[in-house]
Amino acid sequence: MLSEYLMIGEITKPQGVRGEVKMRPCTCDAERFEGLETVYIEKNGGYAPLNIRVNRLSEDAVFMNVEGVTDRDAAEALRGTLLYIDRAHAVALDKDTNFLADLYGLHGLTDDGRDLGRLTDVMQPGGNDVYVFKGPLGEVLVPALRSVVLKVDLAAGEMRLCGQRLDEVAVFDED
């Protein structure tokens, strides 16, 4: 089942002395923060809303104020806090695009019958993402290319991959 909340960033540090915080976004669309007024944090086994005011965006950071946080000490207490958005307010994705959070745990299967195990990580080295599967073949690194990924079926919990192409581009690390 898909999570109702998607992580959008992590508060990395206080910024200044009046309660502003710096957040590292976990999204490829930093402009999605413009006009954002509510985010969520994990709290007591659920998600609690936080009212925010986005002050400015930079290439790799979002600077914001959190309601009720008015000094550096209160901002410091938020360091490391993960911020989420509810799925209903998430940005719309292009066709054949998925949120990374939805890919974790998918079962990797090739069209020629190989079981790659579960998707455990997504590396983003620049250029193409790389999917990390762990299973019967050890750790398998698969570039996220249309010629390799045939189908992502979130409902079935599967990612179908082209076995022939996989042999040409994947890295197999059998332990």
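Rule-based calculations on the coordinates, nothing more; no lab input. Keep in mind that what you see is a predicted model, and the values were worked out from it rather than measured. Neighbour counts are summed over all protein chains in view; Cβ atoms, including those assigned to glycine, are modelled from backbone coordinates with ideal geometry.
What FRET efficiency comes out for Asp167 versus Thr70 if R0 is 41 angstrom and r is the Cβ-Cβ distance? Round to the nearest 0.05. Could the numbers behind the result be given before it?
On the way: r = 58 Å, r/R0 = 1.42.
Efficiency for this residue pair is about 0.10.
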Peptides 121-130, 160-169 ordered by average Cβ neighbours within 10 Å, highest first: 160-169, 121-130
Pairwise FRET efficiency - Glu31 versus Ala77, Cβ, R0 = 30 Å, nearest 0.05: 0.60
log10 I(q)/I(0) for the chain, Debye formula on C-alpha points only (no solvent), q = 0.11, 0.16, 0.17 Å⁻¹, two decimals, reads -0.57, -0.96, -1.02
Beta carbons within 10 angstrom, averaged per residue: use that to sort the peptides 151-159, 60-68, highest first. 60-68, 151-159
Distance in Å, no decimals, from the C-alpha centre of region 69-127 to the one of region 2-30 is 14
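His89 to Asp121: extension gain in nm, 0.36 nm per residue of separation minus the Cα-Cα distance?
9.0 nm
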Determine, for the chain, the count of lysine pairs separated by eight or more sequence positions (or lying on different chains) whose alpha-carbon distance falls under 20 Å. 4
Phi angles of region 27-42, converted by Karplus (6.51 cos²θ - 1.76 cosθ + 1.60, θ = phi - 60°) into ³J(HN,Hα) in whole Hz with x for Gly and Pro, give 8, 8, 10, 4, 5, 5, 7, 4, x, 5, 10, 9, 10, 10, 10, 6
Gain in length, Glu42 to Tyr104, computed as 0.36 nm per residue apart minus the alpha-carbon separation, to one decimal in nm? 20.4 nm
